[in-house]
Amino acid sequence: MSLRLGAMLPEVLKHLFKKPATVQYPFEKIGVPKGFRGRPVMDPNLCIGCQLCVKDCPSEALEIHKESESTDEAGKVAKRFSMTFFLDRCSHCAQCAEVCPKKAIHMNTEFEDAAFDRGALKIVYK
Ligand code: SF4
Ligand code: SF4
């Protein structure tokens, strides 16, 4: 027994002066690694309404809706689209961001997705 204690003592002492390996989450936060896939965020100024993100989403977590359409004096048609995002269905695969031809979607670094009310997980970008 004393032999085992002797072998353990240096290891115990070493860990007495080491910083803790864990953090006091949620009171203390750490950063996420590069390339982390949080929530998809859409920029309506860039969207052309092609629906590719909706077609490619494996979780049916996205809807794109036309919000307005206007024609200027030169006959140029301008359309504006909104995105409704259902966070409770999203698997954070980032396929929507990858397929968007206008780079209108990017993945942020948020990971705290829990909510008491499902309605709080429906996010509209417009
Ligand atoms: S990250 Fe994946 S699951 Fe989530 S909305 Fe985009 S395509 Fe759908
Ligand atoms: S893929 Fe991009 S441009 Fe096309 S509807 Fe989705 S967000 Fe808009």
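The values are calculated or read from the model by the stated rules, or taken from the named source; none is laboratory data. Fair warning: this is a prediction, and the values are worked out from it, not measured in the lab. We place every Cβ from the backbone using ideal geometry, glycine too, and count neighbours over all the protein chains shown. Only protein heavy atoms, including side chains, enter the accessible area calculation; ligands, DNA and RNA are left aside. Shrake-Rupley method; radii C 1.70, N 1.55, O 1.52, S 1.80 Å.
Within the range 77-90, being surrounded by fewer than 17 Cβ atoms within 10 Å (Cβ to Cβ) and within 16 Å of residue 38 (Cα to Cα) holds for 86, 88, 89. Every condition in (1) among the hydrophobic types (A, V, I, L, M, F, W, C); (2) touching a His at 6+ places or on another chain (Cβ under 9 Å); (3) modelled with pLDDT under 95 holds for residue 114 except the one numbered (2). With respect to the conditions (1) surrounded by 10 or more Cβ atoms within 10 Å (Cβ to Cβ); (2) under 27 Å from residue 99 (Cβ atoms), residue 35 lacks only one, and its number is (1). A search for C-beta distances below 9 Å between a residue of the range 29-43 that is touching a residue at least 12 places away in the same chain (Cβ under 8 Å) and at negative phi and any residue that is open to solvent by 50 Å² or more (accessible area, probe 1.4 Å) and part of a strand (DSSP E or B), counting only pairs 6+ apart in sequence or on different chains, returns 40/106; 41/106; 42/106; 43/106. Pairs are defined by a Cβ separation below 7 Å, a sequence spacing of at least 6 or placement on different chains, a first member in the range 44-62 that is more than 12 Å from residue 89 (Cβ to Cβ) and near ligand 2 (Cβ under 6 Å from one of its atoms), and a second member that is open to solvent by 30 Å² or more (accessible area, probe 1.4 Å) and basic (Lys, Arg); the pairs so defined are 47/102; 48/102; 49/66; 49/79.
For the range 63-73, the criterion of being within 16 Å of ligand 2 (Cβ to nearest atom), surrounded by 15 or more Cβ atoms within 10 Å (Cβ to Cβ) and not in a loop (DSSP other than H, G, I, E, B) is met by at least one residue.
Filtered by the rule that a residue be closer than 28 Å to residue 125 by Cα and out of contact with any Asp or Glu (no Cβ under 9 Å at 6 or more places or on another chain), the range 1-31 gives 29, 30, 31. The residues of the range 91-115 that are surrounded by 11 or more Cβ atoms within 10 Å (Cβ to Cβ) and closer than 27 Å to residue 27 by Cβ, listed by number, are 92, 107, 108, 109, 110, 111, 113, 115.
Within the range 1-32, being surrounded by 10 or more Cβ atoms within 10 Å (Cβ to Cβ) and part of a loop (DSSP other than H, G, I, E, B) holds for 23, 29, 32. Looking at the range 90-111, is at least one residue in contact with a Phe, Trp or Tyr (Cβ under 8 Å, 6 or more places away or on another chain), outside any loop (DSSP other than H, G, I, E, B) and away from ligand 2 (no atom under 14 Å from the Cβ)? Within the range 90-111, not a single residue is in contact with a Phe, Trp or Tyr (Cβ under 8 Å, 6 or more places away or on another chain), outside any loop (DSSP other than H, G, I, E, B) and away from ligand 2 (no atom under 14 Å from the Cβ).
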